[in-house]
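For reference, the structure is listed below as structure tokens.
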Amino acid sequence: MESDSAARSGVAAVGSKQEWFTVDGANRSLPLVGRIVADVIAEHARLTRLQPRGAAQLQKNRGTLNGRSRRQAAAAVARLNDLLAELESIGCRLMDFGDGSVDFPARRNGAEIRLCWKPGEPRVLYWHEPCAGSSARKPIDEACL
């Protein structure tokens, strides 16, 4: 059963662990989700730039990274973990570091689905089956609303 605060937010509480987004609720979360995803993409790019440098140092230093590179990589990983946890606290999940796609658990005709969004899209426009992934995205239809 949906609580009053959950109904106002567009997220329906189901049991104690899973929340289901409505299309409107997912769209209302996008300003915050978009900022977090932008930070994830930037931090992931930073970590990716550190990796080739780190690999070269590993060879040069016979298997050890210098302290600065190790600290930078650890900081980037910690920041990514914090950002991913923040997304999960909202109820959604980052699906791809490269394109920043995000899934929101939802229902369509009583069946579990994922509403999906990528940076650059003005709102949540697509959905897919939980196991299908974003390559099988379908346009939002009346059954999703």
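Rule-based calculations on the coordinates, nothing more; no lab input. Nothing here was measured: the structure is a model prediction, and the numbers come from that model. Heads up, the Cβs are rebuilt from the backbone with ideal geometry, glycines too, and the neighbour counts pull from every protein chain shown.
Worth pointing out:
- Where strands (runs of 3 or more DSSP E) sit wholly within the range 74-145, none has at least 2 residues that are surrounded by 15 or more Cβ atoms within 10 Å (Cβ to Cβ) and small (Gly, Ala, Ser).
- Among the residues of the range 94-145, not one is in contact (Cβ under 8 Å) with a residue 40 or more places away in the chain and hydroxyl-bearing (Ser, Thr, Tyr).
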